[in-house]
1. Just to be sure I understand the filter: pairs with C-beta atoms under 9 Å, separated by 6 or more residues or on different chains, first member in region 149-172 and part of a loop (DSSP other than H, G, I, E, B), second member among the aromatic types (F, W, Y) and within 8 Å of the ligand (Cβ to nearest atom). Which pairs pass?
2. Residue under question is V268, and the condition is that it be modelled with pLDDT under 95, open to solvent by less than 50 Å² (accessible area, probe 1.4 Å) and more than 25 Å from the chain's Cα centre (by Cα); does it hold?
3. If I ask for residues that are open to solvent by 10 Å² or more (accessible area, probe 1.4 Å), farther than 16 Å from V74 by Cα and in contact with a strand residue (DSSP E or B) (Cβ under 7 Å, 6 or more places away or on another chain), which ones from region 9-35 would you list?
4. Only residues that are open to solvent by 20 Å² or more (accessible area, probe 1.4 Å), away from the ligand (no atom under 11 Å from the Cβ) and in a loop (DSSP other than H, G, I, E, B): list them for region 127-147, please.
5. Anything in region 32-79 that is hydroxyl-bearing (S, T, Y), part of a loop (DSSP other than H, G, I, E, B) and either within 19 Å of T7 (Cβ to Cβ) or in contact with a Pro (Cβ under 9 Å, 6 or more places away or on another chain) (or both)? List them, or say none.
6. Could you pull out the residue among S150, S109 that is closer than 20 Å to T33 by Cα and either out of contact with any Phe, Trp or Tyr (no Cβ under 7 Å at 6 or more places or on another chain) or within 13 Å of the ligand (Cβ to nearest atom) (or both)?
7. Which residues, counting only those in region 160-205, are open to solvent by less than 70 Å² (accessible area, probe 1.4 Å) and within 16 Å of the ligand (Cβ to nearest atom)?
8. Residue check: is A107 assigned to a helix (DSSP H, G or I) and either surrounded by 13 or more Cβ atoms within 10 Å (Cβ to Cβ) or in contact (Cβ under 8 Å) with a residue 40 or more places away in the chain (or both)?
Amino acid sequence: MRVDIVTIFPEYLSPLDLSLIGRARAAGQLHITVHDLRRWTHDVHRTVDDTPYGGGPGMVMRPEPWGAALDALVPAEQPAERPAEPPPEPPAEPPPGPSRVIVPTPAGSPFTQAMAHELAAEDHLVFACGRYEGIDQRVFDHAAARANVSEISIGDYVLFGGEVAVLVILETVSRLLPGVLGNADSLVEESHADGLLETPVYTKPATWRGLDVPEVLRSGDHARIARWRRDQALLRTAVRRPDLLAALPPDTLDKRDVAVLTGGGFPVPGADMAK
Ligand code: ADE
């Protein structure tokens, strides 16, 4: 996957050299380039912002440098599809497939694990990190003619700019790319994989500061362990994220699940329909 990030603070993205993302970059699985937006300014002060039309506090990022940046990074002629067969040797700069432009903003659609899977299937992501009160909307209205543009929020709070959101989104997406996570099984049992939160986890020693690891996890009985984990996931989700439980597709809960939730004091609407 190729990733281009445009920002006025390139140093903010330096964690992308570290840990598993750094390793994926070194291994050629991820080609990330961070660009300084001011490279596309032409005045002596390298201006990127101006006062908002209509009045109001703060500054808005001007469209000209952003337009030039997206012209340079998002090809006007988008390839219809990626090639059927990859070339035998990956080229140093892999040719991008269709580009997806991501604009992190608190006014965007909520970022979810499902969206991360969608982005992980793309060939080319271009992140536009806004600062101040945001970027002139015409930049994205214009880019939408040649790329899929998504405004995405990582949560209901306001950051100084999009850079930290890019780190969050890229970390979530890159661990879904084939070969980036050492053990792909980790993806199956983690929080949000099946619409439920992950269960509590334990390691050695079996007793620590007078606290024991639950007996079932030491029993070696895999069916009991699986059932215990499912029960914990259901109850934890009911307490912490009832919205996730309510959003589960019909037929996801069986009679035993319903009994666990009801026994825990969480009545399940439509429970008599469970298999
Ligand atoms: N920029 C500022 N706040 C943000 C948020 N919550 N999500 C994404 N981008 C942002």
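1. Going by the 9 Å Cβ cut-off, the qualifying pairs are I154/F111; G155/F111.
2. Criteria met by V268.
3. Listed by number, the residues that qualify are P10, R25.
4. Within region 127-147, D136, Q137, A144, A145, R146 meet the criteria.
5. T41, T47
6. Answer to the selection: S150.
7. Hits for region 160-205 are G161, G162, E163, V164, A165, V166, L167, V168, I169, L170, T172, V173.
8. Working: assigned to a helix (DSSP H, G or I): no; either surrounded by 13 or more Cβ atoms within 10 Å (Cβ to Cβ) or in contact (Cβ under 8 Å) with a residue 40 or more places away in the chain (or both): yes.
In short, no.
The values are calculated or read from the model by the stated rules, or taken from the named source; none is laboratory data. Because the structure is a prediction, the values reported are computed rather than measured. FYI the Cβ positions are ideal-geometry reconstructions off the backbone, even for glycines, and counts take in every protein chain you see. These area figures cover heavy atoms from the full protein model, side chains too; ligands, DNA and RNA do not enter into them. Shrake-Rupley method; radii C 1.70, N 1.55, O 1.52, S 1.80 Å.
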